[in-house]
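Take a look at the structure set out below.
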C-alpha cells in the first residue's frame, strides 16, 4: 500500500485519542460533523479530558494532525477509521443511524485501493452487511475489489489514565488475509502492547460485544446479591471481602451501570440473537436488573428516611455526582438520573453537585439543572445525602456535616467507599 494517510471519523471519547496517537506516526486528519467540537480541538482543548491539552497541542503543532468538519478536506486519506457512537433508541433497539451516516461520508471520499476500518461496537455482521453496502452505493466502488475493510473494536475506558489507548492491546481483522496484515501492522506500529489478529471481521465484532456483555452479567449478579443481603440486613461489602479470601473468587462490587458501553452494547447482541431464534435470557435479565438499580437506590434511601423519622415529602436531598463514573465528565446514560427521577415523585427540593460534569450538557441531555454552589458552603442544609459518584472531591469531606440533623438525617453510599460509621445504608 502507498504511504499511509489516516482519517478518523468521529472525534469523541474513542476517535480523538486514537487520531492523536496515529498522528505520532502518520499524517492524520480528524473529521467530526460538530463544528463546535472541531473548533475546540483545533484550539488545543478536549472537553472530554481524554487527551490532555499538552498532548493535543503537540499533535497540532507537529503539522501531522488537524481536525475538520469539511468532507473535502479528508479526500486525501487512504486509511479511514470510523469511530462514531452506536446508541439504542427509547425501546433499547440498536440505532445504526450514526454508523450508516459515517459510512455515507466514507463513500463520498474513498478511492480505489483504500481501506476503511470500523471501531464502533456492533453485533456480528454489521460491518459487512449494513455499513459496507452503503459505502459501495455512495462510492460506486466494489467491496474487496476496489476497496477493502477491517474491524478493530475500541477499548477506551473513559477517565482511565492507566489503560490509555497506546497501552491497550487491540483486536484487528481484515476483509482479506492481505488486508488483515496491513490493518494489523498499522495498529501495531503505534501500540505498546500489540494486537490480536482475529480470523475475520465477524469474530472481531463478536469479541467486542461479549467483553461488555460479560461485565454486565457479572455486575448484575453482584447487584442481585446486594438486594438479597440488604433484605437480610447483611453488609454486602463484608460478604464480598470474606468471599474474596478464596483464591479463585472474582472480586466485583455492586453498583450503577451507566455509560455508553456496558449499559448499551448488550442490547445489540440481544437483538441479533433473537433474529437467529435464540432468546438470551441471562443477558436480558442482567440488563433489566442493572437498569433498575437507580430506582432501587432511591427506594432504599426512602425506606431509611422513614425508619429515622425523616419526612420524605418535600425533603431536602443532596445528590453528590451525576456523571456515570468517578473523575470523568462523561454523563452518557448515567443512572444517577434514575435516582433523581424516583425521588422527584416525593420532593422538588433536590440539589445535585458535580464538579466534573458540564452543566450545559446536563441541562440539554436530561433537563436537570446542576447547582453551582461549592460543597463547603452547604453544611447543615439537607435531610438526606446520597453519594452517587465517587469523585475525588467528595472523598475528603465530612459527609454528615451536610445534614441539618446529624443524628436524624440519612447518608446513603452508592459506591461503598465511605466509612461505615458515617453512613446509614449502601449497596
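Does residue 300 qualify as being at pLDDT below 95 and not in a loop (DSSP other than H, G, I, E, B)? No, not satisfied. For segment 76-98, a tally of residues being at pLDDT below 95 and in contact with a helix residue (DSSP H, G or I) (Cβ under 8 Å, 6 or more places away or on another chain) returns 7.
For segment 319-332, a residue qualifies if it is over 18 Å from residue 50 (Cα atoms) and either touching a helix residue (DSSP H, G or I) at 6+ places or on another chain (Cβ under 6 Å) or assigned to a loop (DSSP other than H, G, I, E, B) (or both), and the qualifying residues are 320, 321, 322. Applying the selection to segment 370-427, what residues are without any contact (Cβ under 8 Å) to a residue 12 or more places away in the chain and either under 26 Å from the mean Cα position of the chain (by Cα) or closer than 30 Å to residue 292 by Cβ (or both)? If the condition is that a residue be without any contact (Cβ under 8 Å) to a residue 12 or more places away in the chain and either under 26 Å from the mean Cα position of the chain (by Cα) or closer than 30 Å to residue 292 by Cβ (or both), then 419, 421 are the ones that fit. Within segment 23-40, if we keep just the residues that are outside any loop (DSSP other than H, G, I, E, B) and touching a helix residue (DSSP H, G or I) at 6+ places or on another chain (Cβ under 7 Å), the residue that is surrounded by the most Cβ atoms within 10 Å (Cβ to Cβ) turns out to be 30.
Selection of segment 100-139 for residues being over 29 Å from the mean Cα position of the chain (by Cα) and farther than 19 Å from residue 76 by Cβ yields 136, 137.
Does residue 231 fit the bill of being surrounded by fewer than 16 Cβ atoms within 10 Å (Cβ to Cβ) and outside the structural domain of residue 296 (by TED's automatic domain parsing)? So residue 231 passes the test. Kindly indicate whether any position in segment 207-227 is closer than 21 Å to residue 114 by Cα, touching a residue at least 12 places away in the same chain (Cβ under 8 Å) and within 22 Å of the chain's Cα centre (by Cα). Within segment 207-227, none of the residues are closer than 21 Å to residue 114 by Cα, touching a residue at least 12 places away in the same chain (Cβ under 8 Å) and within 22 Å of the chain's Cα centre (by Cα). For segment 408-415, the count of residues that are out of contact with any strand residue (DSSP E or B) (no Cβ under 6 Å at 6 or more places or on another chain) and either over 16 Å from residue 337 (Cα atoms) or assigned to a helix (DSSP H, G or I) (or both) is nonzero. Looking at residue 139, is it within 25 Å of residue 27 (Cβ to Cβ), surrounded by 16 or more Cβ atoms within 10 Å (Cβ to Cβ) and assigned by TED's automatic domain parsing to the domain that holds residue 182? So residue 139 fits the description; yes. The residues in segment 336-363 that are in a loop (DSSP other than H, G, I, E, B), out of contact with any strand residue (DSSP E or B) (no Cβ under 9 Å at 6 or more places or on another chain) and buried (at least 20 other Cβ atoms within 10 Å of the Cβ) can be counted, and the count is 2. None of 366, 346 is under 27 Å from the mean Cα position of the chain (by Cα) and modelled with pLDDT of 95 or more except 366. For residue 256, are the conditions met, namely being without any contact (Cβ under 8 Å) to a residue 60 or more places away in the chain, assigned to a loop (DSSP other than H, G, I, E, B) and not assigned by TED's automatic domain parsing to the domain that holds residue 387? Taking the combined requirement at face value, the residue does not satisfy it. A search for C-beta distances below 8 Å between a residue of segment 306-327 that is without any contact (Cβ under 8 Å) to a residue 40 or more places away in the chain and any residue that is not in a loop (DSSP other than H, G, I, E, B), counting only pairs 6+ apart in sequence or on different chains, returns 312/302; 312/305; 312/306. Of all the criteria given as (1) within 22 Å of the chain's Cα centre (by Cα); (2) more than 23 Å from residue 361 (Cα to Cα); (3) in a loop (DSSP other than H, G, I, E, B), the one not satisfied by residue 50 is (2). Scoring residue 13 on the criteria (1) within 18 Å of residue 170 (Cβ to Cβ); (2) touching a helix residue (DSSP H, G or I) at 6+ places or on another chain (Cβ under 7 Å) leaves a single failure, condition (2).
When segment 241-261 is filtered for residues that are modelled with pLDDT of 90 or more, closer than 21 Å to residue 324 by Cβ and surrounded by fewer than 23 Cβ atoms within 10 Å (Cβ to Cβ), the ones remaining, listed by number, are 252, 253, 255.
The values are calculated or read from the model by the stated rules, or taken from the named source; none is laboratory data. All values derive from a computational prediction rather than experimental measurement. Using ideal geometry, Cβ is built from the backbone for each residue, glycine included, and neighbour counts are taken over all protein chains shown.
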